[in-house]
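The values are calculated or read from the model by the stated rules, or taken from the named source; none is laboratory data. From a predicted model like this one, the values you see are computed outputs, not experimental measurements. Positions of Cβ are generated from backbone atoms using ideal geometry, with glycine treated the same way; all protein chains shown enter the neighbour counts. Please note that ligands, DNA and RNA were not included when accessible areas were found on the heavy atoms of the full protein model with its side chains. Shrake-Rupley method; radii C 1.70, N 1.55, O 1.52, S 1.80 Å.
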Amino acid sequence: MSYWFLCGKGKVFGFSCGLRRGFNYQQTFSLVNVKLKWVKDKALDAVIAGERDLRAACNLVSILSSAPDFCLPIYHLSRHRGQLGLPHDHKLSTFIRRYPTIFHESYVFDSAGTLVPCFELTLEALNLYHEELGVIRDNMIDLIDRLCKLLMLTKDRILPLQTIDQLKWDLGLPYFYVDNLIPNYADLFSLFRLPDDRIGLKLLSWDDTLAVSQLEKNVAQQTEEDLKNNCLAFPIGFTRGFGLKRKCMGWLEEWQKLPYTSPYADASHLDPRTDVSEKRIVGVFHELFHLTIQKKTERKNVSNLRKPLSLPQKFTKVFERHPGIFYISKMSDTQTVVLREAYDCQRIVQRHPLVDIRERFASMMRKGFRDRSRGLYKKTAYIGHKDTLKIVQGHKGGGNGLDSEVDSNDDLFSEYNSDELIHCPS
C-alpha cells in the first residue's frame, strides 16, 4: 500500500511502499505500518466550531415546531436526546436555557402535581423556521436527488433508517423526514423491515442520470488523456507542517493517474489490497461528502457504512492517508471529516441555501448567549395554576405521573430547577 500527503504552501509530498514506475497496481502486497502526522488547520476548525450546539438547537426547533402551541415539557424533549448529539454529562435543560433568543421557558404542574419546565419557540425562531421550510420546499428536487444518490451508492440501494438518521443533518433532510417526506414519494422509496428487525429505506428504481459522480462532472479540470484513460485526479489542498522529503512528490502523481472507479459502479472485481481499490474508496467518500450540504460529517456517522458500500475493514483510514483531500477536525471532542476542496479558507465554495438559514440560527444563539451572560434575561419563571392549555397531562400510577427518562420527582426538580428562582402567585 502506498500513502501520500501534502506539505507546505503549494507543495505536494508523498511516499511509496515498494512502488515504482511500471508497477502492477492490481498486484497484492502487505501493508506497511506508518504513523502519519496530523496538522491542525485553523480555518477548517473554525468551520466546525459551534456545529454541535447548532445542530442540537436546530433539531430542538424542529421538534418544538411540530408540537401543539410549539411548546413541550422537558421530559418529552428528552426522548429525542439521542439524536441531538450532546455530551451525556450535559443537562438538556441547561443547554436550552443558554439560548433565550430561540427558546422561551415556562413552568406548569403535571397531573401528579410535579413542577415541570416547558419550552417553546420564540417568535423570531418560529419565523426563521418557517423560512427554512420554504427553502426546503424550493429545493425539494435537489434534496430528493441527494437521498436517491446516497442509496445508489449502496450495494442493494438500501440503508437502515438509523444510518440515514446519522446523516440527515448533513444531507439537509428534515428532522421528521420519515413521516413528512418519504410518504410523498412512494414511487421512489419504500420502508420495510430488515433481517435484523430494523427498519430500512429502499430506493425502488435506479436512475442512470443520477449515477454520475461529482468528479466525473468536473471534466473541465481533467486532461484529455486522463479522460480517455479514465484516470481522473482528485482536487487537493495543502496544510502547513508536513515535512516529508521532496523526492517523494512523484508518487502522488502516479497515484492520481490510476484508473478511477465510479462510486456508482460495481467494484467487486477490485482487490481490496491494491491502490486502485483505495482510489475507489477515496472516490466513494469524495462523492458522499459532495452529497452533504456543507461537505462534511462526523467520522462516526460513516463508521457503519462498510457493508452497504462494500468497503474493506478499517476503511476510514483513508481520511488519515489522504489529508490533501480530507481534513479531520478534532473540535468539540469528536472527529469531523471535511472535504478540503469545498472550502476557500472558512468560506464554502458552493453555498446551499440551508447554510444561510443555519448561520442565522447560529447568530441568534450567539446573541442570546451573550445577552443571558450579561443578565438581560431574568431568571424568574411564573407558574400558571389556571392556564389549562399548559397543564401537562401525565400518566397515572407511575409515581410521578411522567412518561420520562427521569427516575424520580427529586431528580427532575433538582436538575431543572437548579438555577431558577420560582415565584408562585398567591
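Using a 1.4 Å probe on the protein chains only, how many percent of the accessible area of segment 275-337 belongs to carbon and sulfur?
Within segment 275-337, the accessible surface is 48 percent carbon and sulfur.
Got a sec to turn the phi values of segment 131-147 into Karplus ³J(HN,Hα) couplings, 6.51 cos²θ - 1.76 cosθ + 1.60 with θ = phi - 60°, whole Hz, x for Gly and Pro?
5, 4, 4, x, 5, 5, 4, 5, 10, 5, 4, 4, 5, 5, 4, 4, 5
Tell me which residues come under 5 Å, amide H to amide H, from residue 348 once H is placed; ignore anything under 5 positions away on its chain.
Residues meeting the amide H criterion: none.
May I ask you to derive the FRET efficiency for residue 360 and residue 39 from their Cβ-Cβ distance with R0 = 35 Å, giving the value to the nearest 0.05?
0.60
Summing +1 for each Lys or Arg and -1 for each Asp or Glu, what net charge is found among the other residues whose Cβ lies under 12 Å from the Cβ of residue 349?
Working: positive: 295, 340, 347, 351; negative: 341, 344.
Local charge sum for residue 349: +2.
In sequence order, what are the phi-derived ³J(HN,Hα) couplings for segment 176-183 according to the Karplus relation 6.51 cos²θ - 1.76 cosθ + 1.60 with θ = phi - 60°, rounded to whole Hz, with x for glycine and proline?
Working through the residues one at a time gives 9, 5, 5, 8, 9, 10, 4, x Hz.
Cβ neighbours within 10 Å, averaged per peptide: list 67-73, 145-151 in order, most packed at the top. The partial results should precede the final answer.
Working: 67-73: 16.6, 145-151: 21.3.
Order by mean packing, descending: 145-151, 67-73.
Of 37/367; 42/155; 37/295; 279/300, which ones are farther than 30 Å apart at the Cα?
37/367; 42/155
Provide the per residue accessible area, probe 1.4 Å, for segment 75-142, rounded to a whole number of square angstrom.
With all protein chains present, segment 75-142 gives 44 Å² per residue.
Can you pull the percent of Cα pairs in segment 53-121 with separation above 18 Å?
31 percent
Report, to the nearest whole %, how much of the accessible area of segment 41-179 belongs to carbon and sulfur atoms, 1.4 Å probe, protein only.
Carbon and sulfur: 52 percent of the exposed surface of segment 41-179.
HN-Hα J couplings of segment 117-130 from phi, Karplus 6.51/-1.76/1.60, θ = phi - 60°, integer Hz, Gly and Pro as x?
With the stated coefficients, segment 117-130 comes to x, 10, 10, 9, 7, 6, 4, 4, 5, 5, 5, 5, 5, 5 Hz.
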